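Have a look at the structure below before the remarks.
The values are calculated or read from the model by the stated rules, or taken from the named source; none is laboratory data. Everything quoted here is computed from the prediction, not taken from an experiment. All Cβ positions, even for glycine, are placed from backbone atoms using ideal geometry, and neighbour counts span all protein chains on display.
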Amino acid sequence: MEISRTPIPGLLLLQAVPFQDIRGGFQKPFNETFFRENGLAADFKEFYYSVNRKDVIRGMHFQTPPCDHEKLVYVSKGRILDVVVDIRKSSPTFGKYFETELNDREGCYLYIPKGLAHGFCALEEGSVVHYAQTSCYDPEHDAGISFRSFGYTWPVSDPIVSERDRSFPDWQSFNSPF
């Protein structure tokens, strides 16, 4: 696995080396030794995935302290446009966002540190997005910001968005706990 840094401190792209043979493909999204040797959190507490219709936008999600977490995101089927915004007040990239495409062919994973809001847009029908987190979901610490409010232009004119995600505050009125 190779690590690429992004302009946002701590936000990393991890590139696995996909293996192909006559049986199909194989990838290793996590290796505890590799993560620890590179200073990455390896104590994942919760794993889950979502299956998404094309044009679904999920986000921009995070959990507040003390239930904040690092997150590892990858796609096992389809394609997504993954977007992360820095909500750490002391960060040099506070309020800046980063986007990347994750798909089922390239073996690229996104490692998201604490203090970043995460969301994505499904670019293909049935896209399957996996998440590993270093804390468990806690509804009292579940939070987000409006996906339309931080200056990013999503590539879909009529997105499918949950009522929960539509209810998040705008960036302008958001007071970050980080």
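Could you tell me which of the residues S127, S146, S135 is out of contact with any Ser or Thr (no Cβ under 9 Å at 6 or more places or on another chain), farther than 17 Å from R5 by Cα and not β-branched (V, I, T)? So that I can check it myself, show each step before the final result.
Values: S127 fails: out of contact with any Ser or Thr (no Cβ under 9 Å at 6 or more places or on another chain); S146 fails: out of contact with any Ser or Thr (no Cβ under 9 Å at 6 or more places or on another chain).
Residue meeting the stated conditions: S135.
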* Quick one: how many residues across the stretch 120-178 are over 30 Å from F30 (Cα atoms) and charged (D, E, K, R)? -> 6
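Looking only at residues that are more than 15 Å from the chain's Cα centre (by Cα) and under 24 Å from F178 (Cβ atoms) in the stretch 42-57, which one is surrounded by the most Cβ atoms within 10 Å (Cβ to Cβ)? Before you say what the answer is, go through the steps one by one.
First, the residues of the stretch 42-57 that are more than 15 Å from the chain's Cα centre (by Cα): 42-43, 45, 53-55.
Pick out the ones that are also under 24 Å from F178 (Cβ atoms) and you get 42-43, 45.
Details: A42: 18, D43: 11, K45: 11.
It comes out as A42.
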* Would you point out the residue of the stretch 3-37, among those that are surrounded by 10 or more Cβ atoms within 10 Å (Cβ to Cβ) and among the charged types (D, E, K, R), that is farthest from I87 (Cα to Cα)? => K28
* Looking only at the stretch 135-175, count how many residues are closer than 25 Å to K89 by Cα, polar (S, T, N, Q) and surrounded by fewer than 18 Cβ atoms within 10 Å (Cβ to Cβ). => 6
* Asked: Of the residues that sit in the stretch 1-17 and are of a type in the set (V, I, T) and modelled with pLDDT of 90 or more, which one is farthest from S90 (Cα to Cα)?
  -> I3
* Asked: Restricting the first residue to the stretch 120-149 and requiring it to be within 14 Å of R166 (Cα to Cα) and without any contact (Cβ under 8 Å) to a residue 40 or more places away in the chain, which pairs with a second residue that is surrounded by 16 or more Cβ atoms within 10 Å (Cβ to Cβ) and among the aromatic types (F, W, Y) meet a Cβ separation below 6 Å and a spacing of at least six or different chains?
  -> S149/W171
* Asked: How about the stretch 111-166: which strands (runs of 3 or more DSSP E) wholly inside it have at least 3 residues that are at pLDDT 95 or above, touching a Phe, Trp or Tyr at 6+ places or on another chain (Cβ under 7 Å) and not β-branched (V, I, T)?
  -> 116-122, 127-133
* Quick check: is even one residue across the stretch 58-70 within 19 Å of S146 (Cα to Cα), buried (at least 22 other Cβ atoms within 10 Å of the Cβ) and free of Cβ contacts under 8 Å to residues at least 60 places away in the same chain? -> no
* **F35 vs. criteria among the hydrophobic types (A, V, I, L, M, F, W, C) and farther than 21 Å from E2 by Cα** => no
